[in-house]
Amino acid sequence: MIETDVGVCMAKRKRKRHLFADHVAAIPVSEPPVRPGIVGLSRTVPSTILRPPYADSGDPGPAVSSLVRTPAELDAMRRAGAMAAEVLIHVGQFVEPGITTDRLDQIVHDETIRRGAYPSPLNYRGFPKSVCTSVNEIICHGIPDSRPLADGDIINIDVTVYVDGVHGDNSCTFLVGDVDEHSRRLVAETYVAMMEGIRTVRPGSKVNDIGRAIERHARAHHLGVVKEFIGHGVGTEFHSDLQIPHYFDPRARIVLEEGMTFTVEPMLTLGSPSLFLWNDEWTAATQDGRRTAQFEHTLVVTPQGHELLTVASDGTTAAELYAPKPEAVSS
Ligand code: MF3
Ligand code: CO
Ligand code: CO
């Protein structure tokens, strides 16, 4: 009896694995592979702009802030979140074949300081540029460089701004010109997966409800979930104590409370989510060379559930403006 049960179970599991492998085998590796380009000088920020504690040393120190924000901090976070969204929407207008990721860095940098804010990535743990740009098989933390975008690329732009003593963290994956159907499906479903995770957020829900919802959506669409990078508390610190896995982690049982602020930022893959780091020690790429997408919002837990903070002052988000809609994509 027991043996038979185990046998059935194994057969089922094998069949599933086999199906998944077939699915992945049908998905091409991204060609040509993304290679490191030339990284320009770090940009400078006028001395009139408030700098985060790591701006000169590169060292943010240990995370010490409370998980719950004060009303004054929340007010500031609404402004920082809106500004991050507006800078991201602004740079999105320039995404087209031929523009280099270094030029996108300049656009984000200039727009951020024009608004009186500091571009949070700049010198965070030594990061050399003002925004992260992650193309095709790059999962996250791509460093802007001399590579021009090509027709058919996808690119995640991850904008974080520091203003009034708090950070707002927001990212979107953009389509460059004419993009293949697998990649369009990946980008569309990654956005839906993020929103499915965010939908669970309310006082009394658990951190792992977020990852459970994201992982369920990813699996249903034969997409992988990156485990090595997670959402995080954010506020006066860029990365504060709360850890938000994008997969179901039984240990992530922290109960959410009104006033907690954090990001949800799943990275999903067309193939295996295994990764490696480039020699620059920042750029994370899929081992199998298949493509990956990411979206990110900063949010706060409210009595009613949650409020997205990375929303432009006119109510729009970068993802709503730029992400492909799943219904327009056949799967
Ligand atoms: N914005 C990224 C995040 O979502 C962090 C970038 S850290 C940097 O957490 F140093 F690479 F900028
Ligand atoms: Co983040
Ligand atoms: Co980010």
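A short reminder: the numbers here are calculations on the coordinates, not readings from a lab. Only a predicted model underlies this, so the values are computations on that prediction, with no experimental measurement involved. All Cβ positions, even for glycine, are placed from backbone atoms using ideal geometry, and neighbour counts span all protein chains on display.
Per DSSP H run of n ≥ 4, the term is -39500 (n - 2.57); total these for the chain, divide by its residue number, and report the mean residue ellipticity at 222 nm rounded to 500 deg cm²/dmol.
Helices in the chain give a 222 nm mean residue ellipticity of -10000 deg cm²/dmol.
Say we join alpha carbon atoms closer than 10 Å with springs in a Gaussian network model of the chain; which of GLY177, GLY289, GLY81 then has the biggest fluctuation?
Largest GNM mean-square fluctuation: GLY177.
Once you charge only the Cβ atoms, +1 for Lys and Arg and -1 for Asp and Glu, what is the size of the charge dipole of segment 68-328 about its Cα centre, to the nearest 20 debye?
That gives a dipole near 600 debye.
Beta carbons within 10 angstrom, averaged per residue: use that to sort the peptides 151-159, 36-44, 245-253, highest first. Write out the running numbers ahead of the final one.
Values: 151-159: 23.0, 36-44: 13.1, 245-253: 16.6.
My ranking of the peptides, most packed first, is 151-159, 245-253, 36-44.
Could you work out the relative contact order of the chain? I mean the mean sequence separation of Cα pairs under 8 Å and 6+ apart, divided by the number of residues, in percent.
Relative contact order comes out at 22 percent.
Rounded, prolate or oblate: which one fits segment 13-93, using the alpha carbon gyration tensor with axes a ≥ b ≥ c (rounded when a/c is under 1.5, else prolate when a/b beats b/c, else oblate)?
Values: a/c = 2.38, a/b = 1.70, b/c = 1.40.
Prolate, because a/c is 1.5 or more and a/b exceeds b/c.
Show which aspartates and glutamates lie in cross-link reach of LYS129 when reach means a straight Cα distance below 16 angstrom and same-chain residues fewer than eight apart are skipped.
ASP56, ASP59, ASP102, ASP105, ASP110, GLU111, ASP145, ASP158, ASP169, ASP280, GLU281
For segment 202-251, which GluC sites (Glu not before Pro) pass both filters: DSSP loop (anything but H, G, I, E, B) and at most 16 other C-beta atoms within 10 Å?
Taking segment 202-251 and a limit of 16 other Cβ atoms within 10 Å, the loop GluC sites (Glu not before Pro) found are GLU228.
What is the spread of the Cα atoms of segment 68-328 along each of their three principal axes, largest first, in whole Å?
Ordered largest first, segment 68-328 gives principal extents of 45, 43, 37 Å.
Working out 0.36 nm times the residue gap between PHE248 and SER146, then minus their Cα-Cα distance, what length gain in nm do you get to one decimal?
Full extension of this stretch gives 32.9 nm more.
Treat each spin label as a single point 7 Å out from the Cα along the C-beta direction, and report the ASP22 to ALA72 distance in nm.
A separation of 6.2 nm, rounded to one decimal place.
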